[in-house]
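> For reference, the structure I am asking about is given below.
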Amino acid sequence: MLYSKIADLKKSVKVDMAKRTKPVEFYEFLGTLKGRRCFVAVLGSPDPDGMASAWAVSMIARSLGIDLPIFGFEVISRPDNMEFLRLLKVPMTMVRDPEILQGYDGFIAVDRQNPWLPKDVKNPPPLLGHIDHHQKSPTGAVFSDVRQNVGSTSTILTQYLEDLKEHLDTNADAFRRLCTALMVGIRTDTDGLLRANSQDFSAAAFLARHTDTDFMYGIMKKPVGERFLDSLRSVLNTMKRTPYLCVAYAGQVAREARDTLGQCTDFLLHSEGVRTVVVFGLIDGDVVGSMRTMDPALDPYPFLVSAFQKHLSTELNAGGRRFAGGFQFEIENLFDAPDVSEEEIYQKVFDILLTRAHRRYVMQKSRSRS
Ligand SMILES: [Mn+2]
């Protein structure tokens with residue numbers, strides 16, 4: 001009896017080992033970058049999960065003697081994310097002139113469903129690696145680890161750190177700051193661990209040994225900024241609540257205040273009776289939106305694509321993971337007429353979203369009846 005139990009245990013350990021070859025595969029992949037000029041890209045508005053993950057990639061590469069700079073492409077506007085960057089001294093360089101990317105042989109993208117460099121980068125280097133927890137899409141990357149069954153990309157990178165720790169200086173101050181960053185990444189992407197699963201908790205347990213709690217507190221409890229309050233004012237004035245969707249317009253939002261859309265979405269999700277929220281605004285001629293849901297049966301990415309795509313003349317730029325999604329398109333792709341008022345724009349977006357959500361609601365009702 002006991003013997004068979006031990007045999008079973010050994011078997012399960014073996015299976016476990018086989019499952020966890022990804023970090024080793026990643027380490028070997030990084031080794032092939034030696035002698036080439038590459039970088040890690042934080043695409044979209046840099047958030048803790050993206051920045052922490054990129055930093056982890058860069059630090060693992062450093063242990064192989066490979067220099068992988070971290071490049072960010074959009075300005076950070078959330079006060080807590082700025083505090084994150086400043087307190088933890090994240091070694092990220094903001095790319096203001098895309099010319100500096102000339103001469104690079106390739107890049108690794110983290111925490112991003114559409115892992116492509118911004119359009120103004122001429123002759124973009126190829127995508128070599130892709131690590132993410134959004135919906136999987138074909139990218140052609142040499143190394144790819146994209147899993148929707150974890151709450152954050154930081155979870156995946158923490159698994160790598162744990163497996164590769166013998167190669168890293170875990171006593172260094174930078175390692176401690178990195179672990180704190182990853183912990184914030186896991187927490188912000190799992191609604192403060194409320195949506196964390198066992199993999200996220202295991203990762204957090206490893207990080208806890210190396211985390212600086214004072215820093216964590218300073219970042220997570222940072223008060224919201226004036227810009228958030230500006231967007232929120234418009235959101236509260238325009239919001240429409242139906243039993244199936246709450247949608248609101250945040251007004252004309254400055255590019256540097258883009259993150260306030262996500263903050264407003266989070267805020268509304270905590271109001272009574274609301275399960276799914278979309279908040280959008282106008283940023284330099286684009287409609288940009290953020291979606292959150294508490295409904296585990298609602299997959300944000302297909303929802304957004306099926307809502308918008310048929311109304312647009314070009315492909316919708318959207319992405320999604322469990323419980324969250326985002327989208328962006330140019331106003332002129334939605335309207336034939338050149339002169340449309342701000343009100344016409346947001347009313348049409350309201351209509352599109354509410355119609356789609358209503359159709360889903362009706363379908364669900366009829367399914368539960370049958
Ligand atoms: Mn993420």
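> Would you be able to say whether some residue in the stretch 336-344 is surrounded by 21 or more Cβ atoms within 10 Å (Cβ to Cβ) and either touching a residue at least 60 places away in the same chain (Cβ under 8 Å) or at positive phi (or both)?
Looking only at the stretch 336-344, we keep the residues that are surrounded by 21 or more Cβ atoms within 10 Å (Cβ to Cβ), and these are none.
Looking for residues that are surrounded by 21 or more Cβ atoms within 10 Å (Cβ to Cβ) and either touching a residue at least 60 places away in the same chain (Cβ under 8 Å) or at positive phi (or both), one finds none in the stretch 336-344, hence no.
> Does the stretch 26-36 contain at least one residue that is open to solvent by 10 Å² or more (accessible area, probe 1.4 Å), among the basic types (Lys, Arg) and within 16 Å of the ligand (Cβ to nearest atom)?
no
> Moving on to the next point. Against the conditions (1) within 16 Å of the ligand (Cβ to nearest atom); (2) on the phi > 0 side of the Ramachandran plot; (3) out of contact with any Gly (no Cβ under 8 Å at 6 or more places or on another chain), where does Gly140 fall short? Just the number, please.
It fails just one condition, (1).
> Take the conditions out of contact with any helix residue (DSSP H, G or I) (no Cβ under 9 Å at 6 or more places or on another chain), away from the ligand (no atom under 16 Å from the Cβ) and among the aliphatic types (A, V, I, L, M) and apply them to Val340. Does it pass?
Values: out of contact with any helix residue (DSSP H, G or I) (no Cβ under 9 Å at 6 or more places or on another chain): no; away from the ligand (no atom under 16 Å from the Cβ): yes; among the aliphatic types (A, V, I, L, M): yes.
No: the conditions fail for Val340.
> Among the candidates Val42, Val75, Val57, Val24, which residue alone is under 21 Å from Gln102 (Cβ atoms), in the same structural domain as Ala204 (by TED's automatic domain parsing) and touching a residue at least 24 places away in the same chain (Cβ under 8 Å)?
Values: Val75 fails: under 21 Å from Gln102 (Cβ atoms); Val57 fails: under 21 Å from Gln102 (Cβ atoms); Val24 fails: under 21 Å from Gln102 (Cβ atoms).
Only one candidate qualifies: Val42.
Matching residues to (1) without any contact (Cβ under 8 Å) to a residue 24 or more places away in the chain; (2) away from the ligand (no atom under 16 Å from the Cβ); (3) not assigned by TED's automatic domain parsing to the domain that holds Asn81:
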residue	(1), (2), (3)
Gly185	no, no, no
Leu193	yes, no, no
Gln199	no, no, no
Asp214	yes, yes, no
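> Sticking with this structure for a sec: Quick one: would you say Asp286 is of a type outside the set (Phe, Trp, Tyr), open to solvent by 10 Å² or more (accessible area, probe 1.4 Å) and under 18 Å from the mean Cα position of the chain (by Cα)? Explain how you work it out, then say what you get.
Working: of a type outside the set (Phe, Trp, Tyr): yes; open to solvent by 10 Å² or more (accessible area, probe 1.4 Å): yes; under 18 Å from the mean Cα position of the chain (by Cα): no.
No.
> Restricting the search to the stretch 42-62, which residues are of a type in the set (D, E, K, R) and away from the ligand (no atom under 11 Å from the Cβ)? I'd like the intermediate steps shown before the answer.
Our first condition is that a residue be of a type in the set (D, E, K, R); within the stretch 42-62, this holds for 47, 49, 62.
Correct list: Arg62 only.
> Taking the stretch 105-128 on its own, how many of its residues are within 16 Å of the ligand (Cβ to nearest atom) and more than 21 Å from Cys179 (Cα to Cα)?
3
> Of the numbered conditions (1) more than 16 Å from the ligand (Cβ to nearest atom); (2) assigned to a helix (DSSP H, G or I); (3) under 26 Å from Phe215 (Cα atoms), Ser154 satisfies every one except a single condition; which is it?
All conditions are met except number (1).
> Restricting attention to the stretch 207-219, and to residues there that are surrounded by fewer than 11 Cβ atoms within 10 Å (Cβ to Cβ) and in contact with a helix residue (DSSP H, G or I) (Cβ under 9 Å, 6 or more places away or on another chain), which single residue is modelled with the highest pLDDT? Let's see the steps before the verdict.
First pass over the stretch 207-219, keeping only residues surrounded by fewer than 11 Cβ atoms within 10 Å (Cβ to Cβ): 209, 213-214, 217.
Those left that are additionally in contact with a helix residue (DSSP H, G or I) (Cβ under 9 Å, 6 or more places away or on another chain): 209, 213.
Values: Arg209: 95, Thr213: 89.
Ranking the candidates gives Arg209 first.
> Still on this model: Mind checking which residues of the stretch 58-75 are outside any loop (DSSP other than H, G, I, E, B) and open to solvent by less than 40 Å² (accessible area, probe 1.4 Å)?
Start the filter on the stretch 58-75 by keeping residues that are outside any loop (DSSP other than H, G, I, E, B), which leaves 58-62, 70-72.
Ser58, Met59, Ile60, Ala61, Ile70, Phe71, Gly72, listed by residue number.
> Return yes when Leu353 is closer than 14 Å to Phe303 by Cα and surrounded by 14 or more Cβ atoms within 10 Å (Cβ to Cβ) and no when it is not.
Details: closer than 14 Å to Phe303 by Cα: yes; surrounded by 14 or more Cβ atoms within 10 Å (Cβ to Cβ): yes.
Yes.
Rundown of residues vs (1) in contact (Cβ under 8 Å) with a residue 24 or more places away in the chain; (2) touching a strand residue (DSSP E or B) at 6+ places or on another chain (Cβ under 7 Å); (3) assigned to a loop (DSSP other than H, G, I, E, B); (4) not assigned by TED's automatic domain parsing to the domain that holds Glu343, yes/no style:
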{"site": "Thr170", "(1), (2), (3), (4)": "yes, no, yes, yes"}
{"site": "Ala181", "(1), (2), (3), (4)": "yes, no, no, yes"}
{"site": "Ala205", "(1), (2), (3), (4)": "no, no, no, yes"}
{"site": "Asp230", "(1), (2), (3), (4)": "yes, no, no, no"}
{"site": "Pro243", "(1), (2), (3), (4)": "yes, no, yes, no"}
{"site": "Glu256", "(1), (2), (3), (4)": "yes, no, no, no"}
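> Taking the stretch 220-231 on its own, how many of its residues are within 22 Å of the chain's Cα centre (by Cα), open to solvent by less than 80 Å² (accessible area, probe 1.4 Å) and either of a type outside the set (A, V, I, L, M) or modelled with pLDDT of 90 or more (or both)?
Looking only at that region, the number is 4.
The values are calculated or read from the model by the stated rules, or taken from the named source; none is laboratory data. Predicted, not measured: the structure shown is a model, and the values here were computed from it. Please note: Cβ atoms are built from the backbone with ideal geometry, for glycine as well, and neighbour counts cover all protein chains shown. For the accessible areas, the whole protein counts, side chains as well, though only heavy atoms, and no ligand, DNA or RNA atoms are used. Shrake-Rupley method; radii C 1.70, N 1.55, O 1.52, S 1.80 Å.
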